[in-house]
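Single-structure report; data block below.
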Amino acid sequence: MTRHDEMLAETALREVRGLGTAEAVQRLFELGLISRRGCERQAIRNEVWRLEGEGVPRCEALEAAAGKYCCSYEKARNAFYTNYKNKS
């Protein structure tokens, strides 16, 4: 994490200090500090992986995830297969 990232993270932390986890996440959404696109992408991936773990073929899992998250199959497929920079 860069120094700039650390300063931005501190700003976000000040906004949620003293709140419970769910309240903090809701507050960050309200302020626009959480990427809705990133959250949606991860939610779709998690749903596809969950369904695959239950034995559902990937194409069907992508279709089910698209239905659950009210998006097109193409959007779900793109969210699942598009790699993004994972900062650890």
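Using only Cα atoms, find the angle between the long axis of helix 3-16 and the longest principal axis of the chain, and express it within 0 to 90 degrees, rounded to the nearest 10. Roughly 90 degrees, rounded to the nearest 10.
Relative to the longest principal axis of the Cα atoms of the chain, the long axis of helix 58-68 makes an angle of roughly 60 degrees. The helix-based estimate of mean residue ellipticity at 222 nm for the chain, built from -39,500 (n - 2.57) per DSSP H run of four or more residues and divided by its residue count, is -22500 deg cm²/dmol to the nearest 500.
Averaged per residue, what accessible surface does the chain expose to a 1.4 Å probe, in Å²?
Accessible area per residue, the chain: 75 Å².
Given (i) 18.1, 57; (ii) 12.5, 36; (iii) 16.1, 44, which label gives Rg and Dmax of the Cα atoms in Å as computed from the coordinates? Matching entry in (i) 18.1, 57; (ii) 12.5, 36; (iii) 16.1, 44: (iii). In the chain, the longest principal axis of the Cα atoms and the axis of helix 36-53 are about 40 degrees apart. In a DSSP loop and with at most 13 other Cβ atoms within 10 Å, the trypsin sites (Lys or Arg not before Pro) in region 1-39 are 17. Quick one: with all protein chains in place, what share of the accessible area of the chain is carbon or sulfur, to the nearest percent (1.4 Å probe)? Carbon and sulfur atoms account for 52 percent of the accessible area of the chain.
The values are calculated or read from the model by the stated rules, or taken from the named source; none is laboratory data. Just so it is clear, the model here is predicted, and its values are computed rather than measured. Every residue, glycine among them, receives a Cβ derived from its backbone with ideal geometry; neighbour counts consider all protein chains shown. Note: accessible area is taken over every heavy atom of the protein model, side chains too, but ligands, DNA and RNA are not part of it. Shrake-Rupley method; radii C 1.70, N 1.55, O 1.52, S 1.80 Å.
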